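K.L.:
Got a structure for you, questions after.
The values are calculated or read from the model by the stated rules, or taken from the named source; none is laboratory data. Quick caveat, the model's predicted, so the values are computed rather than measured. Here the Cβ is made from the backbone with ideal geometry for all residues, glycine too, and neighbour counts use every protein chain on show.
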Amino acid sequence: MHIVNLLLPDFMLILFGAVLFRVTNWHEEFWIGTEKLIYYVLFPALLFYSTARSPINFGTTAQFLQIVIATCVAGIALGWLAKPLFKAGPMIFESGLQTAFRFNSYIALAIAGRLGGDEGVSLMGLAIGFAVPLCNMAAVHALVKNKGNLLMELIKNPLLMATMGGVIFNLLGFHLPDLASAFLSRLGNASIALGLIMVGAGLRLNGLEASKGIAAYFLVVKLLFVPIVAYVLGLWIGLSPLHLQMVVMFAALPTASSAYVLAVRMGGNGPFVAFLISAGTLISMASLPLWLALLQ
């Protein structure tokens, strides 16, 4: 019951978002604008605020981040195994591959705050900041041969820049003034609920007309195999309970909704990716509590 009480409010917000999207008459511009507000303003504020004010232990944090990167690499490698294992239609593998390793930052920070407070959010923020470049490069690499100026795309990523900015601010020994701290804290708090509502609003369960085998494979990799890698490595290295919780929950996250946007913009199979994101999010409502129970 304790585990259910920890995660149920966040899952209720996701379901609330799904219902709200379907019963309201709000135009698409409203949802797009809200998503932009969260992605470019509210979430970066939360990430900067959390990483700028939480103490960073280099030894433990370095081990934590090594496992974060290892889990992402494991997801990428296992995802690529789908190519020889399944005969998929055009742009099915290329589009779906990213769902084996990309992660939903909104759910990540909501869970981190509930489990570890400010320290948990700071750790999850660092995980997001270090994983974003690797995951974005792997996703783009699969979708296009001419990757363009990927460095500029990473520099323009607000989550990455906010995390790196907060870490640098922290390491330089700066301190946020009370007024700035209160302002950023309130922006960050607003991002959690709105972000989860937007996850629910983006749920789509159509688009799986074929390729059921490779779809199931990507879901199993993301929600089962990748967190197993994180759990085994965390135990082997001897992470603290909080660090182990954060790295396993990070690894067990469903795929980010931005994976759909990337697939569409690069000529991929958008409906297939939308299904994988939505199915993974709904399955994670059962799998995340199970992982948390294992970590208790």
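K.L.:
Pull out all pairs, ordered by first then second residue, where Cβ-Cβ is under 9 Å, the residues are six or more apart or on different chains, the first lies in segment 204-228 and is closer than 17 Å to Gly268 by Cβ and aliphatic (A, V, I, L, M), and the second is surrounded by 13 or more Cβ atoms within 10 Å (Cβ to Cβ) and at pLDDT below 80.
P.N.:
Pairs that qualify, where the first residue is closer than 17 Å to Gly268 by Cβ and aliphatic (A, V, I, L, M) and the partner is surrounded by 13 or more Cβ atoms within 10 Å (Cβ to Cβ) and at pLDDT below 80, are Ala210/Ala88; Ile214/Ala88; Ala215/Leu208.
K.L.:
Leu176 versus (1) part of a helix (DSSP H, G or I); (2) crowded, with 16+ Cβ neighbours inside 10 Å: which is the lone unmet condition?
P.N.:
Of everything listed in (1) part of a helix (DSSP H, G or I); (2) crowded, with 16+ Cβ neighbours inside 10 Å, Leu176 misses just condition (1).
K.L.:
Checking Asn206 against (1) modelled with pLDDT of 85 or more; (2) more than 16 Å from the chain's Cα centre (by Cα), only one condition comes out false. Which one?
P.N.:
(1)
K.L.:
Mind telling me which of the residues Leu42, Leu13 ends up being in contact with a Ser or Thr (Cβ under 9 Å, 6 or more places away or on another chain) and surrounded by 13 or more Cβ atoms within 10 Å (Cβ to Cβ)?
P.N.:
Details: Leu13 fails: in contact with a Ser or Thr (Cβ under 9 Å, 6 or more places away or on another chain).
After applying the criteria, what remains is Leu42.
K.L.:
Still on this structure: Could you please find all residues in segment 262-287 being of a type outside the set (Gly, Ala, Ser), more than 13 Å from the chain's Cα centre (by Cα) and in a helix (DSSP H, G or I)? Show your work before the answer.
P.N.:
As a first pass, look at segment 262-287 and keep what is of a type outside the set (Gly, Ala, Ser): 262, 264-266, 269, 271-273, 275-277, 281-283, 285.
With more than 13 Å from the chain's Cα centre (by Cα) added as a condition, the list becomes 262, 264-266, 269, 271-273, 275-276, 282-283, 285.
Residues satisfying the conditions are Leu262, Val264, Arg265, Pro271, Phe272, Val273, Phe275, Leu276, Leu282, Ile283, Met285.
K.L.:
Scan segment 242-261 for residues that are within 21 Å of Val68 (Cβ to Cβ) and in a helix (DSSP H, G or I) and jot them down.
P.N.:
Leu242, His243, Leu244, Gln245, Met246, Val247, Val248, Met249, Phe250, Ala251, Ser258, Ala259, listed by residue number.
K.L.:
So, Gly213, is that one in a helix (DSSP H, G or I), out of contact with any Asp or Glu (no Cβ under 6 Å at 6 or more places or on another chain), surrounded by fewer than 14 Cβ atoms within 10 Å (Cβ to Cβ) and not aliphatic (A, V, I, L, M) or not?
P.N.:
On the way: in a helix (DSSP H, G or I): yes; out of contact with any Asp or Glu (no Cβ under 6 Å at 6 or more places or on another chain): yes; surrounded by fewer than 14 Cβ atoms within 10 Å (Cβ to Cβ): yes; not aliphatic (A, V, I, L, M): yes.
So Gly213 passes the test.
K.L.:
Looking at segment 11-81, what helices (runs of 4 or more DSSP H) fall wholly within it and have at least 2 residues that are within 16 Å of the chain's Cα centre (by Cα) and of a type in the set (S, T, N, Q)?
P.N.:
Values: elements: 28-37, 43-53, 58-80.
Here the list is empty.
K.L.:
Which is touching a Pro at 6+ places or on another chain (Cβ under 6 Å) and either at positive phi or in contact (Cβ under 8 Å) with a residue 60 or more places away in the chain (or both), of Leu7, Leu20?
P.N.:
On the way: Leu20 fails: touching a Pro at 6+ places or on another chain (Cβ under 6 Å).
From the options Leu7, Leu20, the qualifying one is Leu7.
K.L.:
Which residue pairs have Cβ atoms closer than 8 Å, lie 6 or more positions apart in sequence or on different chains, and pair a first residue in segment 96-112 that is under 23 Å from Gly79 (Cα atoms) with a second residue that is among the charged types (D, E, K, R)?
P.N.:
Thr99/Lys222; Ala100/Lys222; Phe101/Lys222; Ile107/Asp10
K.L.:
Then there is this: Among residues belonging to segment 73-104 that are closer than 18 Å to Ile228 by Cα and aliphatic (A, V, I, L, M), point out the one that is surrounded by the most Cβ atoms within 10 Å (Cβ to Cβ).
P.N.:
Within segment 73-104, the match that is surrounded by the most Cβ atoms within 10 Å (Cβ to Cβ) is Ala100.
K.L.:
Kindly indicate the residue of segment 62-108 that is hydroxyl-bearing (Ser, Thr, Tyr) and modelled with pLDDT under 90 and also nearest to Glu35 (Cα to Cα) among those meeting that condition. Can you show your working first?
P.N.:
The initial filter retains those residues of segment 62-108 that are hydroxyl-bearing (Ser, Thr, Tyr), namely 71, 95, 99, 105-106.
If we keep only those that are modelled with pLDDT under 90 as well, we get 95, 105-106.
Working: Ser95: 22, Ser105: 13, Tyr106: 11 Å.
Among those residues, the one meeting the criterion is Tyr106.
K.L.:
When only residues in segment 117-135 that are over 14 Å from the mean Cα position of the chain (by Cα) and surrounded by fewer than 20 Cβ atoms within 10 Å (Cβ to Cβ) count, which is modelled with the lowest pLDDT?
P.N.:
Step one: filter segment 117-135 for residues over 14 Å from the mean Cα position of the chain (by Cα), giving 117-120, 122.
Still in the list and also surrounded by fewer than 20 Cβ atoms within 10 Å (Cβ to Cβ): 117-119.
Values: Gly117: 86, Asp118: 82, Glu119: 86.
Applying the filter and picking the extreme gives Asp118.
K.L.:
Which of the following residues is farther than 20 Å from Ser95 by Cα and assigned to a loop (DSSP other than H, G, I, E, B): Leu239, Leu196, Leu203? Give the steps one after another, and end with the answer.
P.N.:
Values: Leu196 fails: assigned to a loop (DSSP other than H, G, I, E, B); Leu203 fails: farther than 20 Å from Ser95 by Cα.
So the residue among Leu239, Leu196, Leu203 that is farther than 20 Å from Ser95 by Cα and assigned to a loop (DSSP other than H, G, I, E, B) is Leu239.
K.L.:
Still on this structure: Looking at segment 136-172, which of the residues that are at pLDDT below 85 and outside any helix (DSSP H, G or I) is farthest from Ala82 (Cα to Cα)?
P.N.:
Applying the filter and picking the extreme gives Lys156.
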